[in-house]
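The values are calculated or read from the model by the stated rules, or taken from the named source; none is laboratory data. Keep in mind it's a predicted model, so treat the numbers as computed, not measured. Here Cβ is always computed from backbone atoms with ideal geometry, including for glycine, and neighbour counts include all displayed protein chains. In case anyone asks, the SASA skips ligands and DNA or RNA and just uses the protein heavy atoms, side chains included. Shrake-Rupley method; radii C 1.70, N 1.55, O 1.52, S 1.80 Å.
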Amino acid sequence: MRIMVAPYQWYSNQLLVGVCAAASDGGTLINDMGLDMVIAHFEGTRVFIESPSIEVITDANGIKRPYYGWWIRLRHDGRNGHAQLYFEGVAKDPSMQRRVIGPFQFSPQASLFSHEITIAATPPEIVGSRYKTMGAALSYLRTMNATNPRLTFIESGTYNVEPPGANNWSGGSWINGYVHLEATVPVTLGRPVPASNADPSPMRPTCGLHIKGRNITVDFANCSEAYHSDTATRLNHWFDGCIFTNSRGRYDLFRKISRSILGWIFRAGAYVTECEFRNLWNAGNESPLVRGCTFDACYGDLFTGAQCVIYNRVNDFDSSAFRLRIPSISINMPSGGTLERTGNTVAARVNGSVVGSFTLANALADFNANTNYTNANVVNWVNGLAGWSATLLDDTRAATLLAPGSTTILPGTWAAQSGAGGVLILDTMIDIHSDWYQRTNTAESENIFIGYNYANEIACQLIFIERNCYDWICINNTWRTKAIWTEGLRTSARSVLIRGRHQVFLHNTVIGQIMRLSGNNVSGADYDAYCVIANNVADNFEWSPATAQDSDLRLADNHFFAGYALPALSVNTSQGGTEDTLFPLGSIGKFAPGGALLTNLKVPRLNHDQTHAPRATLAPAGALS
């Protein structure tokens, strides 16, 4: 069970709040998602939500969006303050414990905002009313102990997200809502171009931001990350209907390395609703909520460690260009010459004896020193060795990314290489392994909800869970991978679903990737009797290794492509067809079922499909009916 809206909102009339919630009921979610009810607890009042429903919300840009969940409306009864909301899920299966999440703060108030400020770069400032910069506005609001102010940009331009002085906000500890940023005209938020000897800096406003509406574009061209609010009790920002981009493009390098040095762009994650992402790395990682967003031309990991991932659309998610090998250095070696690498130390040998060594480095100071950072630096070192010579072929990537050419050897440690005819080519490659969703080894690995997502033309592992993951619901998703990416044919990649307790993987469409299963306590992996993988369509599922078969897992009513051996222990499994026959409109990104999916109908385990259309008594496997 996960909340579907951002907390810390103020409301003066009423506010719609909902949760995603489900539990396996004998291997199905057909009746009310497997729950008897969800109970909302709000300051001494209990509301019993007896069934999930579709509620249509109007997003930050005025678009109507239907979302399926367990909903309540908080109404302002005339009392102002800051109230705490909890949700309690009650499973139909009496052997399951109740789950309680919260508290989530919501604030009934006479007014939606504590202060109203405008920002415009050119007109004179008016104290307490209009400022030229965001930093100046925040500094004023600090002096006023503002608790839920709104800042509205009224003049187009690019604005720097600077903090209002070191520690001025004391972590924004008195903010009981957000600092709301809106714009009546298109604006860009970012950071200044760093000095030639500096790295991109974080956006760190030291308060919780709510950035609202597509008039605001946040540009990461000069920004390393959006730092959290610095408030220990509530770290997350709320990004709502705005645009995130890197204006330098998806494959932008900084200091000759990938921008994806950090495992996120939002430190500690964020509540992210109906935003647009372009050319960014690790865009949804670690976030407590990613809802209704679009991701185009992004790379790295996408939702790793996120807790609620719902109703998102993903197109062209691909890190392949980084993994392309670029011939960068040609080395002529004397007779008996070899080159090897241990960690970041490269050693040249002749007849087994070391004749020189060179330490590669990748820190900012090393880049500025320009002695052991670039491919050109390596060439200079080699040309200083008696009887050796080197030619620079490409210097776009850092020397730490070097590996022997015409091989599958990755950057890092590699054994002695003699090349061909005494000539060794060194390539550079950036070894980014992309995952659509990967479970991280954090406390938030329990209680995950992934549903109603669409992903097309992606090049990554889809679901990669290699460590314990408990109470994990994954329903009504569609994934289609690219036919060929740098790892080779897409079917050579594997998604991994292992080490589970109450893992529910129902009515998903998986095109272009085999799903790997492992249980029976192989390498510590084990399923329990609450785990179910059913009513999916996929290339195939496989036990890996074969000894990993686990009868606790309910593996039933799936449909697999033709040409594979069916997995052991599968029940009522059908097989047949290809991508083209099973999804006749797949070439235009539509994955309504056809062919053998329509002649091998199953008893559904979820009463509606990815689009909320009702499923019939017998329905095709997969996300769409």
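Taking a probe of 1.4 angstrom, what is the accessible area of Trp381 in Å², to the nearest 10?
40
Distance check, please: which entries in Lys92/Lys602; Lys256/Lys482; Lys92/Lys590; Lys64/Lys590 exceed 30 angstrom between their Cα atoms? Display every interim value, and only then the final one.
On the way: Lys92/Lys602 23 Å; Lys256/Lys482 27 Å; Lys92/Lys590 35 Å; Lys64/Lys590 22 Å.
As for pairs spanning more than 30 Å Cα to Cα, those are Lys92/Lys590.
Quick one: 3J(HN,Hα) in Hz for region 75-80, Karplus 6.51/-1.76/1.60 with θ = phi - 60°, rounded, Gly and Pro as x.
10, 7, 9, x, 8, 9
Using a 1.4 angstrom probe on the protein heavy atoms only, could you order Lys64, Lys602 from most to least accessible area?
Sorted by accessible area, descending: Lys64, Lys602.
Picking from Ser53, Asn370, Ile101, whose Cα lies most toward the positive end of the charge dipole for the chain (charges on Cβ: Lys, Arg +1; Asp, Glu -1)?
Result: Asn370.
Could you pull out every one of the lysines with an alpha carbon less than 21 Å from that of Lys132, ignoring same-chain neighbours closer than 8 positions?
Lys212
Whole-Hz ³J(HN,Hα) for each residue in region 325-334, computed from phi via Karplus 6.51 cos²θ - 1.76 cosθ + 1.60 with θ = phi - 60°, x for glycine and proline: what do you get?
Each residue's phi maps through the Karplus curve to give 8, 10, x, 10, 9, 10, 10, 9, 10, x Hz.
As a check on your grasp of the helix formula, calculate [θ] at 222 nm for the chain: sum -39500 (n - 2.57) over DSSP H runs of n ≥ 4, divide by the residue count, round to the nearest 500.
Counting only the DSSP helices, I get -1500 deg cm²/dmol.
Hey, can you find the accessible area per residue of the chain for me, probe 1.4 Å, expressed in square angstrom?
Dividing the accessible area of the chain by its residue count gives 37 Å².
Compute the length gained on full extension between Gln14 and Ser201: take 0.36 nm times their separation in residues and subtract their Cα-Cα distance, giving the result in nm to one decimal. Please report the intermediate quantities before stating the final value.
Numbers: separation 187, 0.36 × 187 = 67.32 nm, distance 3.92 nm.
Full extension from Gln14 to Ser201 adds 63.4 nm.
Along region 289-294, what does the Karplus equation 6.51 cos²θ - 1.76 cosθ + 1.60 (θ = phi - 60°) give for ³J(HN,Hα), rounded to whole Hz, x for Gly and Pro?
8, 10, 10, x, 9, 10
With a 1.4 Å probe and every protein chain kept in, tell me what percent of the accessible surface of region 1-157 is carbon plus sulfur.
48
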